[in-house]
1. Pick out the one residue from Thr139, Thr187, Thr128 that is under 18 Å from Leu240 (Cα atoms), β-branched (Val, Ile, Thr), assigned to a strand (DSSP E or B) and in contact with a His (Cβ under 9 Å, 6 or more places away or on another chain).
2. Considering only residues that are farther than 20 Å from Ile395 by Cβ and open to solvent by 40 Å² or more (accessible area, probe 1.4 Å), which ones fall in the stretch 343-362?
3. Restricting the stretch 129-151 to residues that are surrounded by fewer than 17 Cβ atoms within 10 Å (Cβ to Cβ) and of a type outside the set (Lys, Arg), which is nearest to Ala167 (Cα to Cα)?
4. Is it true that Leu375 is of a type outside the set (S, T, N, Q), touching a residue at least 40 places away in the same chain (Cβ under 8 Å) and open to solvent by 10 Å² or more (accessible area, probe 1.4 Å)?
5. Given the conditions (1) under 25 Å from Asn400 (Cβ atoms); (2) touching a Lys or Arg at 6+ places or on another chain (Cβ under 6 Å), and given that Glu49 satisfies all but one, which numbered condition is not satisfied?
6. So, Ala214, is that one open to solvent by 10 Å² or more (accessible area, probe 1.4 Å), in a loop (DSSP other than H, G, I, E, B), within 24 Å of Ile193 (Cα to Cα) and touching a strand residue (DSSP E or B) at 6+ places or on another chain (Cβ under 8 Å) or not?
7. Report, by residue number, each residue of the stretch 68-81 that is of a type in the set (Gly, Ala, Ser) and either closer than 20 Å to Ser387 by Cα or in contact with a strand residue (DSSP E or B) (Cβ under 6 Å, 6 or more places away or on another chain) (or both).
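The values are calculated or read from the model by the stated rules, or taken from the named source; none is laboratory data. Computed from a predicted model, the values in this text were never measured in an experiment. Methodologically, a virtual Cβ is constructed for each residue, glycine included, from the backbone with ideal geometry; neighbour enumeration extends over all protein chains shown. These area figures cover heavy atoms from the full protein model, side chains too; ligands, DNA and RNA do not enter into them. Shrake-Rupley method; radii C 1.70, N 1.55, O 1.52, S 1.80 Å.
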Amino acid sequence: MKNNYFKLIFLFALSTFVISCSNDDDNNVETPDETLSEFKYLRILLSDEKTNEITLVNPVDATTAFFNAKFAKSSLYTTESGRYAGIVHRADNTVQTFDSGFESHGDHVDVDGIPQFGTLTGQSLLPTHFKSKIGELLTFNDGDGTLSVAKESEINTPGATFKVINAGLLAHHGAMATFTNGTYAITEKDNSITGTLPERVKIIDNSGKTLFDATIVTKGIHGNASDGTYAVFGSASGVLVVESTGKQKLIALPEDFGTAWFGSILETSTKGKFVGYTAAKGAYLIDVVNSTIKPILQNTTIMQCKVSYNDSKLGILLHSGEFKLYDLNTLAVEKEGKIIAETAADATLKPQIQLTEKFAYITSPNTGELLQLNLTSMEIVKKIKVSKTPYMITILGFENSESH
């Protein structure tokens, strides 16, 4: 009897040990639900190449809502607050606005209406570059060299329209940037080079009055960004850095660039640091304070190069279908892998990408889908039907799931 008792005790202890060891050896740690799902108050907005259809996607449950813009093939931009979008119909001289209906209160988000077009609209000649800073919306109008400006607070004001700022410029393919003091850096054309690209940048106020003339003449400018302190322009002569005081300088391009230069400049979450991109060389980090340019990815087959919604990561999609995710603080590759099929370099319509903290979103023009890529597993986890030929894509809302 005594022996049987000790045998039972031994078997119980042994089984407990085995179960404990089994649990210790289990590497299949469950991923918290919140990392498997997008933030509750984020939405993806897409335009279509051939129709007026605008698609609003809720990536949490893969549901869609469809709206009709005034024209097809529109460019989409998110405003500074994250709540609204600017819808630019360049060829049709029109700008529309769109309201996600979400209002951020820092620690939580309120639903402040239904998704719908804003009543604020703009009419101008070839509105092209769109920017949003200090509560304003701004377009540069290539057709006559003017700016159009409106306030985010006016987006749902009946009858509201963009107001024109005329700085007396020649028509050109221009760009502008806003400083935190309310002044603007704006390109100007002096015809020292042929073509539509400008050569100079000057500072104006909101009436169009020149505050500081250009001090540097370049051989052509395209692409720009601003963190409110520095306005940075891509230039054939180097990276042009402009401050609200009128101070200007050129940062020399890397020695092996030859005739290549940055035609796209992107903002990051770090003051004074920007991403420069050129298809001829790749993506680089520009530090305007220290006047340095460091390579992030030297590659001539980049199809898309986008900064994440919180400006801390860089997503690069190659024509091969490979995707690379970089940390912009360390410039290290965090994730990489082949996520879609190869896209021909001469394809008429190519996939477009945008990134949130948790996911990347890629348009599939051939299948009329929006692909959701989990940035942890590097797997396509959802394929969401949208319009037949998705064209441009932007993110609306907030990386927040908290409500009252």
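1. Values: Thr139 fails: under 18 Å from Leu240 (Cα atoms); Thr128 fails: under 18 Å from Leu240 (Cα atoms).
Exactly one residue qualifies, and that residue is Thr187.
2. Ala344, Ala345, Asp346, Thr348
3. Let us first name the residues in the stretch 129-151 that are surrounded by fewer than 17 Cβ atoms within 10 Å (Cβ to Cβ), namely 134-135, 143-144, 151.
Narrowing further to those that are of a type outside the set (Lys, Arg): 134-135, 143-144.
Numbers: Ile134: 20, Gly135: 21, Gly143: 14, Asp144: 10 Å.
Ranking the candidates gives Asp144 first.
4. Working: of a type outside the set (S, T, N, Q): yes; touching a residue at least 40 places away in the same chain (Cβ under 8 Å): yes; open to solvent by 10 Å² or more (accessible area, probe 1.4 Å): yes.
For Leu375, the condition - of a type outside the set (S, T, N, Q), touching a residue at least 40 places away in the same chain (Cβ under 8 Å) and open to solvent by 10 Å² or more (accessible area, probe 1.4 Å) - is met.
5. In the conditions (1) under 25 Å from Asn400 (Cβ atoms); (2) touching a Lys or Arg at 6+ places or on another chain (Cβ under 6 Å), Glu49 misses (1) alone.
6. On the way: open to solvent by 10 Å² or more (accessible area, probe 1.4 Å): yes; in a loop (DSSP other than H, G, I, E, B): yes; within 24 Å of Ile193 (Cα to Cα): yes; touching a strand residue (DSSP E or B) at 6+ places or on another chain (Cβ under 8 Å): yes.
Yes, satisfied.
7. Ala69, Ala72, Ser74, Ser75
One line per residue, one yes/no per condition, for (1) open to solvent by less than 50 Å² (accessible area, probe 1.4 Å); (2) in a loop (DSSP other than H, G, I, E, B); (3) within 17 Å of Ile380 (Cβ to Cβ):
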{"residue": "Ile293", "(1), (2), (3)": "yes, no, no"}
{"residue": "Thr300", "(1), (2), (3)": "no, yes, no"}
{"residue": "Cys305", "(1), (2), (3)": "yes, no, no"}
{"residue": "Tyr309", "(1), (2), (3)": "no, yes, no"}
{"residue": "Gly315", "(1), (2), (3)": "yes, no, yes"}
{"residue": "Ser320", "(1), (2), (3)": "yes, yes, yes"}
{"residue": "Tyr326", "(1), (2), (3)": "yes, no, no"}
{"residue": "Thr330", "(1), (2), (3)": "no, yes, no"}
